[in-house]
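Scroll down for the structure; my scribbles are underneath it.
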Amino acid sequence: MLAFLLDDYTLRTVALGAAVLGAVAGAVGVFGVLRGQALIGDAVSHAALPGIVIAYMVTGSRTSLPLLIGAAISGFLAVLLVDSLVRTTRVKGDSALGVWLAVFFGIGLVLLTFVQRQPDASQAGLDRFLFGQAATVLREDVTTMAVAGGIALVVVLALWKQLKLLAFDPDYGAAAGFPMRAVEVVLTALVVVAIVIGLQMVGAVLMSAMVIAPAVAARQWTDRLGTMTVLAAVAGAGAGVVGALLSTEAERLPTGPTIVLVATAVVALSLVFAPRRGLALRVVRARLARRRLGLAAVLANLAELERQHPEDARDRGHEAALLGVMAEADAHAALQRLAQRRLVVRSPEGLWSLTDDGRREAERR
């Protein structure tokens, strides 16, 4: 597979572009996810469509750079309108996102339909920005993605302290004298860049997933912002490369949706197997906790029964069924484990009693 990747120009170009896209989108998406504004990426990706079509109508060119500039302007304008609507009215953020997302995407579809109905064939291929068409990505496009994405990552590093404050405590940042409003605008611009560079590859419909999924996956593995950002970038780049490779293994398997599905699989695996937040580990911990509580309850009940019964009844022991009712647990399994630890002993009649070690253990508890 590696030799095939190195030898095939198209696959190599697509894989490099997907890696750049995933790394930038993952790193920038961390701050949106931490701020609870992950849907901003959805609004930007859908709002970019009219900018693409208008840029084509103005320039008459289908080259990536002018179209992506138009997408960036349109997406940034949509975010500013969302923010303005929230600040000047009683409309909530999610409602404002829904309104402007629908308006911009609707305008974009109308303009795209109008352009495609023109007799001139030069507009063919504009719909690749709607659903993505990775096979059309050229080396020049990857270079543009790398330059824009690299600038975005440099800005993230340069404003690391301010972005951290914006993500966790913007009020403290404002009180400390940082221009948090300007930092928020810069972060919005970074999200726009991350979205725009992936439109040709993944498409406006699915691009928001590349901003959200790697960051969500990384969040399951760490509590440190720096580590989370690196993990999100690695997860995004890995999903891009793996998705590009998988799309070559099946005929007519679209690259963009495959990349998104791989990123979703990474999220699912992280949710299940992450060491501290993973669902699998939670289940194991819960079972171990119930087991410990059951052992402690059976041990305490045996000690209590010994205290309540006369001295000559101590050695006779007690039935497992009675202990199970008292402890509300599986007494048979608990007694077997306690016996392995030599804390209880079973008589020939099948009755259970504490050993000397068991009595000392019960007293310590």
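Pick out the one residue from 298, 325, 283 that is part of a helix (DSSP H, G or I), at pLDDT 80 or above and either charged (D, E, K, R) or within 49 Å of the chain's Cα centre (by Cα) (or both). Spell out how you get there, then give the answer.
Numbers: 298 fails: at pLDDT 80 or above; 325 fails: at pLDDT 80 or above.
Residue meeting the stated conditions: 283.
Determine, yes or no, whether residue 158 is surrounded by fewer than 18 Cβ atoms within 10 Å (Cβ to Cβ) and closer than 24 Å to residue 79 by Cα. Spell out the reasoning first.
Working: surrounded by fewer than 18 Cβ atoms within 10 Å (Cβ to Cβ): yes; closer than 24 Å to residue 79 by Cα: yes.
So residue 158 fits the description; yes.
What's the number of the condition residue 223 fails, among (1) among the acidic types (Asp, Glu); (2) assigned by TED's automatic domain parsing to the domain that holds residue 29; (3) part of a helix (DSSP H, G or I)?
Condition not satisfied by residue 223: (3).
Could you pull out the residue among 19, 43, 48, 27 that is under 22 Å from the mean Cα position of the chain (by Cα) and under 23 Å from residue 127 (Cβ atoms)?
Working: 19 fails: under 23 Å from residue 127 (Cβ atoms); 48 fails: under 22 Å from the mean Cα position of the chain (by Cα); 27 fails: under 23 Å from residue 127 (Cβ atoms).
Criteria check complete, one pass: 43.
Being in the same structural domain as residue 144 (by TED's automatic domain parsing), over 22 Å from residue 114 (Cβ atoms), among the β-branched types (Val, Ile, Thr) and crowded, with 21+ Cβ neighbours inside 10 Å is true for just one of 86, 82, 91, 53. Which residue is that?
Working: 86 fails: crowded, with 21+ Cβ neighbours inside 10 Å; 91 fails: crowded, with 21+ Cβ neighbours inside 10 Å; 53 fails: over 22 Å from residue 114 (Cβ atoms).
Going through 86, 82, 91, 53 in turn, the sole match is 82.
Could you figure out which of (1) out of contact with any Pro (no Cβ under 8 Å at 6 or more places or on another chain); (2) closer than 20 Å to residue 42 by Cα isn't true of residue 132?
(1)
Given (1) surrounded by 21 or more Cβ atoms within 10 Å (Cβ to Cβ); (2) at pLDDT 85 or above; (3) not aliphatic (A, V, I, L, M), identify the lone condition not met by residue 41.
Among (1) surrounded by 21 or more Cβ atoms within 10 Å (Cβ to Cβ); (2) at pLDDT 85 or above; (3) not aliphatic (A, V, I, L, M), the lone unmet condition for residue 41 is (2).
Looking at the range 333-365, which of its residues are part of a helix (DSSP H, G or I), in contact (Cβ under 8 Å) with a residue 12 or more places away in the chain and more than 49 Å from the chain's Cα centre (by Cα)?
Scanning the range 333-365 gives 357, 359.
Quick check: is even one residue across the range 246-263 under 17 Å from the mean Cα position of the chain (by Cα), over 30 Å from residue 50 (Cα atoms), surrounded by fewer than 22 Cβ atoms within 10 Å (Cβ to Cβ) and assigned by TED's automatic domain parsing to the domain that holds residue 78? Full working, then the answer.
Let us first name the residues in the range 246-263 that are under 17 Å from the mean Cα position of the chain (by Cα), namely 257-263.
From what is left, the residues that are over 30 Å from residue 50 (Cα atoms) are none.
The answer is no, given that none of the residues of the range 246-263 is under 17 Å from the mean Cα position of the chain (by Cα), over 30 Å from residue 50 (Cα atoms), surrounded by fewer than 22 Cβ atoms within 10 Å (Cβ to Cβ) and assigned by TED's automatic domain parsing to the domain that holds residue 78.
List the residue pairs whose Cβ atoms are under 7 Å apart, where the first residue sits in the range 147-165 and is under 15 Å from residue 31 (Cα atoms) and in contact (Cβ under 8 Å) with a residue 60 or more places away in the chain, the second is among the aromatic types (Phe, Trp, Tyr) and in a helix (DSSP H, G or I), and the two are 6 or more positions apart or on different chains.
Going by the 7 Å Cβ cut-off, the qualifying pairs are 163/31.
The values are calculated or read from the model by the stated rules, or taken from the named source; none is laboratory data. It should be emphasised that the depicted structure is a prediction, and the values quoted were computed from it without experimental measurement. Methodologically, a virtual Cβ is constructed for each residue, glycine included, from the backbone with ideal geometry; neighbour enumeration extends over all protein chains shown.
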